[in-house]
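Encoded as structure tokens, the structure appears first; notes follow it.
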Amino acid sequence: MNQRLQICLVVGIIVFAMILVRSLIKKKLNLKYTLVWLLAVVVMLFAVIFPDVIFSLAHLLGIRTPSNFTFVVFGFFVLLIIFTLTGIVSRFNAQIYRLVQTQAIMEKRIRDLEKELLRGQQEDGQSV
């Protein structure tokens, strides 16, 4: 791998990692949702710093070119990120469902209490 390209890739990966860390510090992202991204940063950095490992792994797995191996690895990371996001959305969907049910129950209780209060005031002869 060309050293100039390697330096550019390392700088790009470090900038991306800094953006991730800054977002974590400012609490724009939650750590448990960012761990997959941080793992991807570590793998990318390892692949750029030690490209011979990528060549060896590609050869070992029977993949003809290291670029195809790289696409397979990052395709795996994309699937992992999509799976993680699907789990997050599913949990949020369940929470929203429970919140809507709780809100509906509370609104019914409030309406029932208001009706009971109105009945009690009318029985006492008070006007509303």
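The values are calculated or read from the model by the stated rules, or taken from the named source; none is laboratory data. Computed from a predicted model, the values in this text were never measured in an experiment. All Cβ positions, even for glycine, are placed from backbone atoms using ideal geometry, and neighbour counts span all protein chains on display.
Remark: pairs (first residue in the range 56-83, closer than 13 Å to Met44 by Cβ; second residue surrounded by 15 or more Cβ atoms within 10 Å (Cβ to Cβ); Cβ separation under 6 Å; 6+ apart in sequence or on different chains) = Phe77/Ala40. In this structure, is Tyr97 within 23 Å of the chain's Cα centre (by Cα), modelled with pLDDT of 95 or more and more than 19 Å from Met1 (Cβ to Cβ)? It is true that Tyr97 is within 23 Å of the chain's Cα centre (by Cα), modelled with pLDDT of 95 or more and more than 19 Å from Met1 (Cβ to Cβ).
Assigned to a helix (DSSP H, G or I) and touching a helix residue (DSSP H, G or I) at 6+ places or on another chain (Cβ under 8 Å) - does that describe any residue in the range 87-104? Yes, the range 87-104 contains a residue that is assigned to a helix (DSSP H, G or I) and touching a helix residue (DSSP H, G or I) at 6+ places or on another chain (Cβ under 8 Å).
Tallying residues that are acidic (Asp, Glu) and over 23 Å from Cys8 (Cβ atoms) within the range 18-61 yields 0.
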